[in-house]
Structures are given as structure tokens and as C-alpha cells.
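This report refers to the structure that appears directly beneath it.
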Amino acid sequence: MTKKRSINILSIICISISIIVNSGCDKEVSRTPVEPPPPEGFIHVESEPPGFTIYQNDRNTGRQTPDSLSYLEKGDYKITLKKLYWKDTSVVISIDEEEIVNVNINYLPNESMYGDLTIFSVPEGAQIFLNDSLLSKTTAYTLENLLPGLYNIRLKLFDHRDEGFAATVQSSMRKTYSSVLRDTSVWVDLQVFNSGIQSNLLTDITIDPNGVKWIGSLNMGLISYNDIEFKNFNKTNSALPGNKINCISVDVNNKIWIGTDFGLAIFDNNDWIVYSNTNSGLTSNIINSVNFDQSGNAWIGTSSGLVKFDGLTWKIFNDSQLRVWAMDSQFDNQGVNWIGTREEGVVSLEDDSLIFYPKSIYNYPTNRISSIVEDANGNIWFSHMPDSAEASGISYWDGNIFTKFLLGTPNNNINNIFIDPENNKWISSWEGFIWFDDGNSSRTLTTFNSLISSNQTNGSVRDHNGVVWITTNGGGLNKFKVKNLD
């Protein structure tokens, strides 16, 4: 006796009535015959695993296993199950009137349904994670007898960046995947696509006493990095007056001073203070640099002079005829405050008086100074941006004369000089990152001879482990584990 399943079907019989009007008074009424009941053949289809699309006589039914095909007439039916990456499976089912047929297709015992993955890496020996589970094998290796589908593969190797990718397994096929692992033993690039950093367009950088890196950006405000996570401060979520950061400095109280085009911000990790030309003694909102003297006074480079701020009072140093657009400042070991200007070259501040050092006399590269720093020998180093008449470069003042070096092409942007405790000069330019040793031998690191992420570098600083951190224009933050550069 055939097993039957009771199905409640609500049938609606539609009656069509035609009214024919003759010229007389007689009427004819016609009725359509009652439709016969629908066929009651029934096929229930299951699969292991489930989720296969059911085709009936090569037509997609829109159903997936487990599901049923109803109202079938007596006859033969080709049932095909399809699923992405799996082999198609077809069976022909014969049913009688009102017969119920159950079809259960188990794919798991069928070896031809499985596939293989071969995974290579350069270099070899990387740990393999399959869907976040660590396997006991390393590359190169073939993973056999995998169920068809999409798998997440991650490769991990010491001193190399983890690489992840999606791999597909298909029935009766062996697929090969290969990945080149980026060496991080010397260079690590932290960019938007591979880290939590909020921008690849970075400007200045400094490190506070706790080892936290404070990073300026061109478009996303201030970023902090504690070697674990990046945190962003911008106009939307903080009191920061602008998202373009020109400079960052840390004072003896671990307060962060941030220069923008819309004023000066001070952050103590809890509260913000913002100064502008409307609530302070600042005469310009364009803040290019902040440095501190031994007494803790802040010296602020602005587009309308150098400003001294002792926490209460503001004092402006400018020239009535030659506008001092102060880009940076630096005290030497004699107490002279050297000022680099945007248009008037090198200026010093001695006994509250400005002294100009004309390029025409002192023969340094250009009048456009971008940064100043003192080396271990008491020399004052300047970085020079290109101008319409002269090539860019760097120079240093030894107390008597300027010595200059032209770096790269005439239009190379020389953005910053940082000097480490070993008296190495690290020069950020737009034609690579340039290293000068204590004897002024140099080497330029570019994307062609190193793994730096961009040739356009804007700033650098060194941490207590000797690692040099570099901000780039488009390549994010670079971590340079300095080794022998000779």
C-alpha cells in the first residue's frame, strides 16, 4: 500500500458566464465545464548536505533541498540537483497517480564530489589558517578531500605580513593558490587598506613619553597610535579646529600641541584648549610649528611672525618691512633662536632682535625653509624647499658659514630634517627618504631600492627601540627597523 500524505488545498472554481443579446427577448446562457481536480503526484527531495537547487526536467523550480514538487501527473521526471562548485546530480523518478516518492541524495560518501587545494607561499614555511583554524601544516601543502565551497585562507610567517585570500574548492578538481608574503623584518607600512589608520595622507609625527605616536594628516585630523590601535581626533568628534595638521609637539607635561590653518589646539588626553586670533594674542591662525625652550615657553611659528607664549602672555616677533612667515624655529646651544621663513630665508632672534641672513651673502639653497634642527656638534641644519629660481636642498650653519647639499632634482620638496642620538640626519623629501650619517655620507631610500611605501615622505621620528617612523603623502605610515645602511 502506497504511503500518502494529506495536503489541504483550497480550490477556487471560476465560472465564466456569457450573455448573448439577440434581437428578440430570448437569452442564451453558456457555462464552462468544471475543471478536473489537479493531479496528486508528489516528490519530496532531500540532500546531504542541504541547499541544492532542484531542477525538474531541466527547468529551475526555484526550490532548494529539502523541498517538494507537487501536483505531478503520472510519468517520468528528471530531477537534477545543482549547487555552486558541486557536480550536478540527476535521477529519473517514475511515479503513478497519487503516488508519493521520497528522494534522498547523500553526497558525502561520493569521493568524486570532493576537491583539493594546493597552497604555495614565497617564502615557504608559512602557517596555514583555514577559516580561522590553524592547521598543523605549512606551505607548500595540498589540502585534500575538501567539500566544495568558498574557504578563507590566511598565511602567517614570522617577520612577514599576514596574507589572506578566498579560495574555491570544486568537485573533482585541484586548485592552486600562491601568495607572496611581504617582508616586514625591515619595513612595515601601515595604510588604510591593511591597518586601522584613518588616512594615508600624513604630515608630521612625534612620540610622547609613553611611546604613543601622534600623527598629523592632511584630511582626517590628528591620529594617535599606541602600537595596538589607531585613534582619530577630528573636527567632528573633538574640538580640533581643522582637519589639516601642520605640526605636532609634546611639552614637558605630556600635552599635545597641534598646529592647523585655523588655530592652535592643546590636548591633555582629556580636555582641549583652542587658541585663535579671536581669543588670544595670536595674530594669525596659520600655525606652522611649535617648539619649547628650557623654561617651558612655547615658540609658535605663524604666517605673521614668531610668537612666544608663556601660558599667560603672548609676544609677537615680526618685522615691519620684511614679513616673517615663520615655518620653524630652533634654539642653539648658545641660546640663539633660529627661524626658518617661507620667503625671507634664515633669521635669528637674539636679545629680542631679528637678524636676517640673506641668501645672497650666505649662499644656502633657497629662501624657503621648511624645518630646522641642531645636531650633536652644535651645527644648525635647515631644509630648503624649491623656488622659481633655485634648487632645493639642505644646509647647515657651523657658526661661521653655511654648507649646502643639493638633493635630487631641482624641484624636489625637502620637507623635514630629523636628527637621532647617533647624529644621523633623516631627511624627508618627495624623491625618497634620505639618510646622512655623522660624516655626511648619504643614501636615498626609495620604492625602487627598499620596501618604503611611497617616495613622497613628509616627516620622521625615532622611538626608544631605534625604529624610525616615517609619514608619507599617500603611502600611510612607515616603520623602518634600521639596520646597516653602509
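Within region 391-483, report the trypsin sites (Lys or Arg not before Pro) that DSSP leaves as loop and that have at most 11 other Cβ atoms within 10 Å. List each step's numbers first, then the result.
Working: sites: Lys404, Lys425, Arg443, Arg462, Lys479, Lys481, Lys483; in loops: Lys483.
Passing sites in region 391-483 are Lys483.
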Express the carbon and sulfur contribution to the solvent-accessible surface of region 384-486 as a percent, rounded to the nearest whole number, probe 1.4 angstrom. 47
Cα-based Rg/(2.2 N^0.38 Å) for region 311-409, rounded to two decimals, is 1.06
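Computed FRET efficiency, Cβ-Cβ of Ser195 and Leu451, R0 22 Å: what is it to the nearest 0.05?
0.90
Calculated FRET efficiency, Gln334 and Arg161, Cβ-Cβ r, R0 51 Å, to nearest 0.05? Provide the component values of the computation, followed by the final result.
Details: r = 47 Å, r/R0 = 0.93.
Given R0 = 51 Å and the Cβ-Cβ separation, E is 0.60.
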Arrange the residues Val91, Val468, Val122 by how much accessible surface each exposes, largest first, with a 1.4 angstrom probe. Val122, Val91, Val468
Quick check on my link table: of Lys235/Lys308; Lys255/Lys425; Lys315/Lys359; Lys213/Lys235; Lys235/Lys481, which ones sit more than 30 Å apart, alpha carbon to alpha carbon? Lys235/Lys481
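On the accessible surface of region 96-208, probed at 1.4 Å, how many percent belong to carbon and sulfur atoms? Each step should come with its number before you reach the end.
On the way: 2780 of 5740 Å².
Using a 1.4 Å probe with all protein chains present, region 96-208 comes out at 48 percent carbon and sulfur.
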Go through His384, His464 and list them by solvent-accessible area, largest first, probe radius 1.4 Å. His464, His384
For an R0 of 56 angstrom, estimate the FRET efficiency from the Cβ-Cβ distance between Tyr362 and Leu135 and round to the nearest 0.05. 0.25
Each residue of region 84-99 in turn: what ³J(HN,Hα) in whole Hz from Karplus with 6.51, -1.76, 1.60 and θ = phi - 60°, glycine and Pro shown as x? 4, 6, 9, 5, 5, 10, 10, 9, 10, 10, 9, 10, 9, 4, 6, 8
Please list the non-local residues whose amide H lies under 5 Å from the amide H of Leu181, H modeled 1.01 Å from N, same-chain partners needing a gap of 5 or more. Val122
List the residues, sorted by chain then number, that are 5 or more residues from Asp319 or on another chain and whose placed amide H is less than 5 Å from its amide H. Val324
Convex hull projection area averaged over all views, the chain, Cα basis, nm²: 44.6
Report, by chain and number, residues whose modeled amide H sits under 5 Å from the one on Phe52, excluding near sequence neighbours (fewer than 5 apart, same chain). Thr65
Order Glu98, Glu35, Glu229 by their accessible area, 1.4 angstrom probe, all chains in place, largest first. Glu35, Glu229, Glu98
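Given contacts defined as C-alpha pairs under 8 Å and at least six residues apart, what's the relative contact order of region 288-440, whole-number percent? Each step should come with its number before you reach the end.
Values: 402 pairs, mean separation 19.2, N = 153.
13 percent.
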Rolling a 1.4 angstrom probe over the protein chains, ignoring ligands and nucleic acids, what is the accessible area of Asp183 in square angstrom, nearest 10? 60
Testing the spin-label approximation: label points 7 Å from Cα along Cα→Cβ at Leu322 and Ser441. State their distance in nm. 3.9
What is the extension gain from Lys175 to Ser90, computed as 0.36 nm multiplied by their sequence separation minus the C-alpha to C-alpha distance, in nm to one decimal? 28.1 nm
Looking at the square roots a ≥ b ≥ c of the eigenvalues of the Cα gyration tensor of region 311-359, which shape do they give, rounded for a/c under 1.5, prolate if a/b is larger than b/c, or oblate? oblate
Using only Cα atoms, locate the centre of region 185-235 and the centre of region 362-392, then give the distance between them in Å, rounded to an integer. 27
Phi-derived 3J(HN,Hα) across region 470-478 with the Karplus relation (6.51, -1.76, 1.60, θ = phi - 60°), rounded Hz, x for Gly and Pro, is 10, 8, 10, 9, x, x, x, 9, 10
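Which residues make up the longest stretch of the chain clear of chymotrypsin sites (Phe, Trp or Tyr not before Pro) that lie in a DSSP loop with no more than 13 other Cβ atoms within 10 Å, not counting the sites?
Working: sites that count: Phe158, Phe193, Phe448.
With a cap of 13 other Cβ atoms within 10 Å, the longest stretch comes to 194-447.
What whole-number value in Å² describes the accessible area per residue of the chain for a 1.4 Å probe?
Values: 25080 Å² over 486 residues.
Using a 1.4 Å probe on heavy atoms only, each residue of the chain averages 52 Å².
The values are calculated or read from the model by the stated rules, or taken from the named source; none is laboratory data. Computed from a prediction, not measured in an experiment: that's the story for all the values here. Note: ideal-geometry Cβ built from the backbone for every residue, glycine included; neighbour counts use all protein chains shown. When the accessible area is computed, the model is the full protein with side chains, heavy atoms only, and any ligands, DNA or RNA have been set aside. Shrake-Rupley method; radii C 1.70, N 1.55, O 1.52, S 1.80 Å.
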